[in-house]
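Engineer: My structure is below; once you've seen it, I'll send some questions.
Every number here is computed from the coordinates shown, using simple stated rules; none is lab data. Every value quoted in this text rests on a predicted model; they were computed, and no experiment measured them. Counting neighbours? That spans all protein chains shown, and the Cβs are built from the backbone with ideal geometry, glycine included.
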Amino acid sequence: MTNQEDFSLKETSPNISSRRISTGPVTSHDLVEHMQYLYVRIVKARELPLLCDPYVELKLGNYRGTTRPFQKTPNPVWNQVFAFPKDRIQDLTMEILVKDKAVVVDDQGQATIGKFSFIVPEAPMIIPPNSALAPEWYRLDGRNGVKIRGELMLSFWFGTQADEVFSEAWHADAAAVSEDCVSTTHSKVYLSPRLWYLRVNVIEAQDLILKVNSNKVETSDLFVTAGLGNLFTRSRISKNKSVNPKWNEDLMFVAAEPFDDPLVVSVVELVNKMEEHCIGMCVIPLSDVERRIGAAPPADKWYNLSMMVEGQQQEVKFASKLHMMISLDGGYHVLDEPTNNISDLLPSAKLLWRPPIGVLELGILNATGLSPIKNNKPSNQVWAYCVAKYGTKWVRTRTIVDSSEPKWNEQYTWEVYDPCTVITIGVFDNGHLQCGNNKLDLPMGKVRIRLSTLETDRVYTNSYPLVVPTPSGLKKMGEIQLAVRFSCSSLLNLLNQYSQPLLPKLHYILPLSIYQLATLRHQATNIISTRLGRAEPPLRKEVVDYMLDASAHIWSIRRGRANFNRIINLFDGFVALYKWFEEIRKWTNPIATGIVHVIFLVVLFFPGVILPTMFFYSCGLGIWRFRRRPRQIAFIDTELSTASNVTPEDLAEEFDPFPSGKNSIDDLRRRYDLLRSLGGRIQTVLGDIATLGERVQSLVSWRDPRATFMFVVFSFVAGVIAYVVPFRMLAIVAIFHELRHPSLRIDLPSFPQNFLRRMPARSDTMI
């Protein structure tokens, strides 16, 4: 990394309207620059020669576009759209040729059956939300200019990127892309599968038929395995070593709709501590599993175990039984992202969803100065596209071929259910635009924006640095320009969200352990990457993992040092207070020391002013800092992330995969991996402590203007109450409230806890 690299956030002034029409529908694409395209829709042809293999070729200056060919089809149907940017059109005439792929003339090209041409400036202008232009039949001209029998149905018009055919169109800049890979250049919208937590509570088994130890059943080691798709987990060995073992243990899975894979539960016996023998199994379709949205336990059932004979499942008249409670828990939110950067807080069951409180609009404008990545393609080429993820909706822009200054100008919208969420935008280099190229889509950096730090109905236009850590150090890959607007339908509903628990209530009533959450998050990430990888074009695993921060839990010396520095910075105030007290003790400033003596005597004889003074001080501090409140969106802080001065040894450790890929002694490698695993947990704890302290600091920082406003008002009201009400009375109420009987308590977090957990922290600005 060079010292000349600029990692600052820049405010920009793009040529966008950034406003809505007062009446009627929302102005489409008002956060991006309008780009005009000449669209040509080739629908179908009729009455062509019987033995031809027809296809259509479009010629406009240096641009060439072709449809897929049909074999021996006189009436082919293509229904393909071609898009040519208006600012790059070099000719006034568009030629549309219908050719026969089976006939070659003079070894130079395919024979032309007929052609049609039109003057480009005469194409009509269609502006959404107007309806699409109806296609028409046009007679084809032969070689000598005489009309032939064949006809071609098509339509052509000028439109913008707001046109409904924009995402499916063949763009002129994709001419250099292999025909089989053109689909990977299209813009698409993806939806993550709806995820549920599947809870399998294994209680006990009855009348098991053991393979060994028939005379000493008390020594049998029995456990239960459960499998869902390619995921398997097992219970502990039953302490009750008999034909009627008991476990009473929860086995958890993440299940995705539609529930195609059944749940397979088996009872297994350990033979000689080495061999496992399956006593019996049962297959349970998830469509038969109870869906619960509350904390009430599901119905318990006895399931017959099918016996295993020579490795095959066989039904018998007398079956062993397995006692279980199985449920799909819809009251949880299935975590697939780190909680600090979460974008969705809704539970799995739609019955528990609250109405949306607003709308998030994102305009992906352009990027500048993108650096080429060696990705098995010609050097100095950048094939960039963007991916944005918020909630269950993923969007992907089209790939701009061979451009270090791509202009996307695409706009997307999400419904917002909670303001304390984060949208993530990543830039990637497409590595799948050439035949036989199986390279990865490498990341070029990402941007995270916390919605609670945005003012409502304000358009933020900024240029964000794209920064990625590499084995050779921190590297700036370029900059991306975005336009963001968060609109709120009701300010009262928005403010009410700060009093609600951050996660659904079931997370607090029936909490899951940290180990369970980590395992289930890994399962959720794999399910989402697998499902999105089956779309067309696929959103590949490396892209999904990067957007979801799948490796955030893995230990890194750099991250650990950054979190340690965050904690140290929290104590700067205490250090400054201690130094100030030392100056008072040493009478460095006699006037200040005298004032402290007076204040001490006032507090000693009038202790009731302590609490009001604290509240009034907090109120005054918040008002004083209003003038210096943050005006820009929080962005990546390279100094906070300690990425600017990281050593090569630290980078080698950070980019070492888990488990370690180093060629060393196996025992040392296992010990090293164990250390990294423990270090990852310590790193997470350090980050959580730092996040808590930073959230307290943000109460008066105005990063979240609505929250700081409410805290300032609360501090003022609390100060007035503390001044009017006697201190002893407040102390009595507080102590008796904390010592109240458990029957008078609720399991949900209190209002101060909910409010504090929604405060922004500096984790938003970490790499």
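Engineer: Under 26 Å Cα-Cα from Lys586, which lysines qualify once same-chain neighbours fewer than 8 residues away are excluded?
Structural biologist: Lys586 reaches no qualifying lysines.
Engineer: Please report the net charge: other residues with Cβ closer than 10 Å to the Cβ of Ala483, K and R +1, D and E -1.
Structural biologist: Neighbour charge sum, excluding Ala483 itself: -2.
Engineer: Just rank Trp157, Trp702, fewest to most, by other beta-carbon atoms within 10 angstrom.
Structural biologist: Going from least to most buried by this count: Trp157, Trp702.
Engineer: Can you compute the helix-only [θ] at 222 nm over the chain? Use -39500 (n - 2.57) per DSSP H run of at least 4 residues, normalise by all residues, nearest 500 deg cm²/dmol.
Structural biologist: Taken over the chain, the calculation gives -7000 deg cm²/dmol.
Engineer: First check a/c for the range 558-610, with a ≥ b ≥ c the square roots of the eigenvalues of its C-alpha gyration tensor; if it is under 1.5, answer rounded, and if not, answer prolate when a/b is larger than b/c or oblate otherwise.
Structural biologist: Oblate, since a/c reaches 1.5 and b/c is not below a/b.
Engineer: In the structure shown, do any of Lys350/Lys407; Lys301/Lys350; Lys301/Lys541; Lys10/Lys59 have a Cα-Cα gap over 32 Å, and if so which?
Structural biologist: Lys350/Lys407; Lys301/Lys541; Lys10/Lys59, as the Cα separations exceed 32 Å there.
Engineer: Hey, what do the phi angles of the range 450-461 turn into as Karplus ³J(HN,Hα) couplings, whole Hz, using 6.51/-1.76/1.60 and θ = phi - 60°, x for Gly and Pro?
Structural biologist: 8, 5, 5, 8, 9, 6, 5, 6, 9, 8, 9, 10
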